[in-house]
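*Asks:* If you scroll down you'll find the structure; I have some questions about it.
The values are calculated or read from the model by the stated rules, or taken from the named source; none is laboratory data. Just so it is clear, the model here is predicted, and its values are computed rather than measured. A quick note on method: Cβ atoms are made from the backbone with ideal geometry, for glycine too, and the neighbour counts reach across all protein chains shown.
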Ligand code: S3P
């Protein structure tokens, strides 16, 4: 594990960035391509470590997948075409891979085991193993199926009507993927709307799925057919440069082809509420997933309150929003975000502790954090703790520091944004 001296004392960030492909959509394109019939061609696929873990798991189940220069070709033989893996399915750092994959494996008549890195070993799996067990899958794992390693013997599934205990797109998607293999209608009820890429992709691959208020229903036994999937840029990656452009003096950054799915645009709402100088140019030609270009300029920001149904629409952006709040006049309160505790790290702790080291006035609460601005950040030795989004947030924080900043464990950034530093350097 290395460390990296970050660029500090920056001003005048200018330029244009083509944001890399969306992580959530890239994962799903390989998964749906693998369970569909025929060839799926994915353009602008994100070659981050997490999505490569998904490819590797499906290859171990006999799916032919070719990957070159951001184009992925998946040769699916239908869900029945998946074969029993002879090796452990290693999901690396990826929660999306393990949770969605469990939904697929629940209906497959074979045995498999899943595990990942030390972060995955701490993340709760009962939220997925419980509903899938209710549907009839035989699942076990460490601490009664709560943690990895997890083993699954799938098979015939019964449908289920299930109220999600937490607003989680990963859990919703796992149940829908199992529901596609179950007898009859499976319904998931979400407490708040979460990202709907799975629902959009089921339709894109020729399947049917219905939404009625907070209820989503899918019928088992549908045949999916391979298609072309264009992956828009990841708004969760764009968020780092949106905040950089807003808080670094004399900046103007253009972000191209950013996904603008309304279940993901909480960051844009927050930027507007805080008074950011942001322009959105919607792409009128985007079909399955809306997208557009964003132009952000240095802004004078004010504090805000982020809570309730907005939280799932920006859950991955909270680390970088916390940094932005240190540069806003007044108080910012983030609440109803206890899910942060079970991400790649406990992000309430990692955000608060690392930003404090740089001189931020920030305190942890039970379900979020409170940030007082505006603070001049100094410098110091900080760590990503192996969490990609903490690493990138600290690299943007360093730009404002008047002393040197050293980042420990910078390599975790390749989980979702392998060319992050190339893009950042191009703006300097
Ligand atoms: C994801 C859903 C979110 C998000 C994660 C990706 C997905 O997790 O934090 O980075 O692709 O479905 P939860 O749905 O568990 O909140």
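Yes/no per residue for (1) in contact with a strand residue (DSSP E or B) (Cβ under 7 Å, 6 or more places away or on another chain); (2) at pLDDT below 95; (3) surrounded by fewer than 22 Cβ atoms within 10 Å (Cβ to Cβ):
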{"site": "329", "(1), (2), (3)": "yes, no, yes"}
{"site": "378", "(1), (2), (3)": "no, no, yes"}
{"site": "388", "(1), (2), (3)": "no, no, no"}
{"site": "411", "(1), (2), (3)": "no, no, yes"}
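*Asks:* Any idea which of (1) part of a strand (DSSP E or B); (2) closer than 21 Å to residue 241 by Cα; (3) out of contact with any strand residue (DSSP E or B) (no Cβ under 6 Å at 6 or more places or on another chain) is the one residue 364 doesn't satisfy?
*Replies:* Exception for residue 364: condition (2).
*Asks:* Please name all residue pairs, on different chains or six or more residues apart, with Cβ atoms under 7 Å, provided the first residue is in segment 26-48 and is within 15 Å of the ligand (Cβ to nearest atom) and the second residue is modelled with pLDDT under 95.
*Replies:* 45/70
*Asks:* Failed condition for residue 127, given (1) buried (at least 20 other Cβ atoms within 10 Å of the Cβ); (2) within 14 Å of the ligand (Cβ to nearest atom), with all others met?
*Replies:* Failing condition for residue 127: (1).
*Asks:* Could I ask something else about it? Could you tell me which numbered condition residue 1 fails, if it satisfies all but one of (1) modelled with pLDDT of 95 or more; (2) away from the ligand (no atom under 16 Å from the Cβ); (3) farther than 15 Å from residue 237 by Cβ?
*Replies:* Tallying (1) modelled with pLDDT of 95 or more; (2) away from the ligand (no atom under 16 Å from the Cβ); (3) farther than 15 Å from residue 237 by Cβ, residue 1 fails exactly one: (1).
*Asks:* Let me ask something else. Considering only residues that are over 17 Å from residue 305 (Cβ atoms) and away from the ligand (no atom under 13 Å from the Cβ), look in segment 335-350 and name the one that is surrounded by the most Cβ atoms within 10 Å (Cβ to Cβ).
*Replies:* Filtering segment 335-350 down to residues over 17 Å from residue 305 (Cβ atoms) leaves 339, 341-347, 349-350.
The next check asks that each one be away from the ligand (no atom under 13 Å from the Cβ); those that pass are 346, 349-350.
Details: 346: 17, 349: 14, 350: 24.
Among those that are over 17 Å from residue 305 (Cβ atoms) and away from the ligand (no atom under 13 Å from the Cβ), it is 350.
*Asks:* Please note which strands (runs of 3 or more DSSP E) are completely contained in segment 44-122 and include at least 1 residues that are in contact with a helix residue (DSSP H, G or I) (Cβ under 7 Å, 6 or more places away or on another chain) and at positive phi.
*Replies:* Values: elements: 64-68, 71-77, 111-115.
Where strands (runs of 3 or more DSSP E) fall fully within segment 44-122, none carries at least 1 residues being in contact with a helix residue (DSSP H, G or I) (Cβ under 7 Å, 6 or more places away or on another chain) and at positive phi.
*Asks:* Being part of a loop (DSSP other than H, G, I, E, B), farther than 23 Å from residue 196 by Cβ and touching a helix residue (DSSP H, G or I) at 6+ places or on another chain (Cβ under 6 Å) is the filter; apply it to segment 272-331 and report the residue that is nearest to the ligand (Cβ to nearest atom). So that I can check it myself, show each step before the final result.
*Replies:* Here is the first cut: in segment 272-331, the ones part of a loop (DSSP other than H, G, I, E, B) are 274-276, 283-290, 298-301, 303-304, 307, 314, 327-328.
Still in the list and also farther than 23 Å from residue 196 by Cβ: 274-276, 298-301, 303-304, 327-328.
If we keep only those that are touching a helix residue (DSSP H, G or I) at 6+ places or on another chain (Cβ under 6 Å) as well, we get 276, 299, 304, 327.
Working: 276: 23, 299: 26, 304: 21, 327: 24 Å.
So the residue we want is 304.
*Asks:* List the strands (runs of 3 or more DSSP E) inside segment 184-267, counting only whole elements, that have at least 2 residues being in contact with a strand residue (DSSP E or B) (Cβ under 6 Å, 6 or more places away or on another chain) and over 25 Å from residue 35 (Cα atoms).
*Replies:* Working: elements: 185-189, 209-212, 215-219, 228-230, 252-259.
Ranges flagged: 252-259.
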